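Only one structure is covered here, and it is reproduced in the block below.
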Amino acid sequence: MPPAPDEVRAQWAEHNPGLDTSPMELVSLLKQASGLLGRAVEPLYAGAPLTAPEVDMLIPLRHATDPVIASSLAGRLSLSRAGVSKTLAKLERRGFIARTPNPADRRAALVTVTPAGARAVDELFPRQLAAEVDLLAGLGEDREWVLKALGRLVEAMEKRSGRD
């Protein structure tokens, strides 16, 4: 088991007394929660035609009424444009999305989900949701409090990152 955040903070304080280690507790818990979430859904994607991050990218496309440009997808998912572009290229090669020229801006392609992409999302995402329901069931009546706290965290982080 890794050392507790208090131990790590004490170690850093000893070696670098001026270092502000206050984010460590929160960031450590966020990383741990993210890791647990990843482990809960990982088995669902073994042998699947898509990865969990690819499904996350296809979901907004699945329900979009109009084609989407990659930069708006990147903003919506809080991902880098380069990462989104790379993933979209992989999805396009495998037939899960289609990209067409944007008549309004030749630099930005219009992205749509293909029927194969829609079928894959429709098959995989409900299974992912079921795993997430099970994982989060232990929150009970604290669920609303956690949602509010996480919403506040995202709001504060967006303001500091200039994305509000």
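Nothing in this text is a laboratory measurement; each read-out follows from the coordinates by a stated rule. Quick caveat: nothing in here was measured; it's all calculated off a predicted structure. Virtual Cβ from ideal backbone geometry, glycine too; neighbours counted across all protein chains shown.
State whether one or more residues within the stretch 88-102 are within 17 Å of the chain's Cα centre (by Cα), loosely packed, with under 15 Cβ neighbours inside 10 Å, over 23 Å from Ser34 (Cβ atoms) and hydroxyl-bearing (Ser, Thr, Tyr).
First pass over the stretch 88-102, keeping only residues within 17 Å of the chain's Cα centre (by Cα): 88, 91.
Remaining after also requiring loosely packed, with under 15 Cβ neighbours inside 10 Å: none.
Taking every residue of the stretch 88-102 in turn, none turns out to be within 17 Å of the chain's Cα centre (by Cα), loosely packed, with under 15 Cβ neighbours inside 10 Å, over 23 Å from Ser34 (Cβ atoms) and hydroxyl-bearing (Ser, Thr, Tyr).
When you look at Arg76, is it among the basic types (Lys, Arg) and surrounded by fewer than 16 Cβ atoms within 10 Å (Cβ to Cβ), yes or no?
yes
So which residues in the stretch 41-57 are of a type in the set (D, E, K, R) and touching a residue at least 12 places away in the same chain (Cβ under 8 Å), if there are any at all?
Glu54, Asp56 - these are the residues of the stretch 41-57 that are of a type in the set (D, E, K, R) and touching a residue at least 12 places away in the same chain (Cβ under 8 Å).
Please state which one of Arg127, Arg107, Arg160, Arg152 is surrounded by 11 or more Cβ atoms within 10 Å (Cβ to Cβ) and among the basic types (Lys, Arg).
Values: Arg107 fails: surrounded by 11 or more Cβ atoms within 10 Å (Cβ to Cβ); Arg160 fails: surrounded by 11 or more Cβ atoms within 10 Å (Cβ to Cβ); Arg152 fails: surrounded by 11 or more Cβ atoms within 10 Å (Cβ to Cβ).
Result of the check over Arg127, Arg107, Arg160, Arg152: Arg127.
What single numbered condition from (1) within 20 Å of the chain's Cα centre (by Cα); (2) closer than 24 Å to Arg39 by Cβ fails to hold for Leu139?
Single failed check for Leu139: (1).
Output the helices (runs of 4 or more DSSP H) that fall wholly within the stretch 44-112 and possess 2 or more residues being among the hydroxyl-bearing types (Ser, Thr, Tyr), or say none.
Answer list for the stretch 44-112: 70-77, 81-93.
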